[in-house]
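Read the structure below first, then the notes.
The values are calculated or read from the model by the stated rules, or taken from the named source; none is laboratory data. Everything quoted here is computed from the prediction, not taken from an experiment. Every residue, glycine among them, receives a Cβ derived from its backbone with ideal geometry; neighbour counts consider all protein chains shown. Surface accessibility is based on the protein's heavy atoms, side chains included, excluding ligands, DNA and RNA. Shrake-Rupley method; radii C 1.70, N 1.55, O 1.52, S 1.80 Å.
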Amino acid sequence: TPNEGREHIGWATASAGYYTPQFSTTVNAAQTIKVGMAGKWTYSGKTLANGVWSLKVDGGQMVSYYSGFGKLDLSDVYSDTGIKITSTYQTIFQNNKMIKFFVAPDVTSMGQRSFQGSGLQDARVSEKCSKINTYCFRDATSLTNFEPKVSSNLKQISSDAFRSCENLVGDFYYPNLTYVGDSSFFETKITSINFPSLTSVGISAFNT
């Protein structure tokens with residue numbers, strides 16, 4: 001039973017470096033099973049941890065992760081540790097099927113291919129984000145929601161940024177967006193767009 005302010009986040013064997021929601025093990029000898037409880041974010045050296053995720057940061061950039069699954073919520077990192085995560089390194093979660101939700105209210109820049117081919121379902125970044133980089137969410141076929149849906153700061157959506165996010169839906173209003181790259185929304189299910197300042201639209205940007 002979690003103490004107040006904590007939550008149960010999974011199980012692991014004594015030798016495992018990460019927790020999973022469920023697992024199986026063959027009991028052929030005495031074993032120790034660990035239970036994971038999430039709590040406040042802590043910072044040591046260049047590592048952030050909260051009981052679910054263990055992340056490496058360099059300055060304000062999240063450069064890699066050691067372990068974690070499910071929901072990565074960075075909302076309390078600054079208040080807990082004084083570290084503000086403003087960007088993600090390229091390919092950091094590429095093809096990662098463990099991450100499902102990404103909540104990062106201070107992230108204004110995401111590296112190329114950050115979530116390409118991942119199992120991400122919901123992504124929420126800062127309203128101050130000005131650019132979605134190339135291939136950032138390409139082939140994240142489980143992605144249904146991206147926020148902010150309304151932003152006066154977003155000015156560029158690069159090539160293939162949301163390509164083949166076949167379950168992405170929503171109404172998007174970016175009044176200062178000027179550039180949409182090739183195939184950026186190829187094979188999505190977005191409901192409507194309102195980009196009144198758009199001056200450049202790439203090939204196949206909204207195909208299918």
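So that you can scan it fast, the table gives a plain yes or no per residue for (1) under 22 Å from M37 (Cα atoms); (2) among the aromatic types (F, W, Y); (3) free of Cβ contacts under 8 Å to residues at least 40 places away in the same chain:
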position: F69; (1), (2), (3): yes, yes, no
position: L72; (1), (2), (3): yes, no, yes
position: D76; (1), (2), (3): yes, no, yes
position: S87; (1), (2), (3): no, no, yes
position: F102; (1), (2), (3): yes, yes, yes
position: V125; (1), (2), (3): no, no, yes
position: T141; (1), (2), (3): no, no, yes
Only one of V35, V57, V27, V52 is of a type in the set (A, V, I, L, M) and open to solvent by 80 Å² or more (accessible area, probe 1.4 Å), namely V27
Only unsatisfied item for E4, checking (1) open to solvent by 60 Å² or more (accessible area, probe 1.4 Å); (2) closer than 24 Å to N133 by Cβ, is (2)
Requiring at least 3 residues that are under 18 Å from I9 (Cβ atoms) and in contact with a strand residue (DSSP E or B) (Cβ under 8 Å, 6 or more places away or on another chain), the strands (runs of 3 or more DSSP E) wholly within segment 42-151 are 47-49, 61-67, 70-73, 99-104
Among the residues of segment 193-208, the number that are open to solvent by less than 50 Å² (accessible area, probe 1.4 Å), within 25 Å of the chain's Cα centre (by Cα) and more than 18 Å from S164 (Cβ to Cβ) is 1
Over segment 32-41, the set of residues farther than 27 Å from L143 by Cα and either touching a Ser or Thr at 6+ places or on another chain (Cβ under 8 Å) or assigned to a helix (DSSP H, G or I) (or both) is T32, I33, K34
For segment 59-76, the count of residues that are more than 22 Å from F137 (Cα to Cα) and modelled with pLDDT of 95 or more equals 0
Taking segment 60-90 and keeping only residues that are open to solvent by less than 70 Å² (accessible area, probe 1.4 Å), hydroxyl-bearing (S, T, Y) and within 15 Å of the chain's Cα centre (by Cα), one is left with S64, S67, S75, T86, S87, T88
### Message
Based on this model, can you work out whether F93 counts as modelled with pLDDT of 90 or more, within 16 Å of the chain's Cα centre (by Cα) and either farther than 28 Å from Y135 by Cα or open to solvent by 60 Å² or more (accessible area, probe 1.4 Å) (or both)?
### Response
no
Scanning segment 152-175 residue by residue, those open to solvent by 10 Å² or more (accessible area, probe 1.4 Å), more than 15 Å from M110 (Cα to Cα) and touching a Phe, Trp or Tyr at 6+ places or on another chain (Cβ under 6 Å) turn out to be R163
Here the residues within segment 153-197 that are in contact (Cβ under 8 Å) with a residue 24 or more places away in the chain, out of contact with any Gly (no Cβ under 7 Å at 6 or more places or on another chain), of a type outside the set (S, T, Y) and assigned to a strand (DSSP E or B) are Q156
*Can A104 be described as over 26 Å from N207 (Cα atoms) and surrounded by 17 or more Cβ atoms within 10 Å (Cβ to Cβ)?*
yes
The condition of being over 16 Å from F206 (Cα atoms), open to solvent by 10 Å² or more (accessible area, probe 1.4 Å) and hydroxyl-bearing (S, T, Y) holds, among T188, T141, T178, only for T141
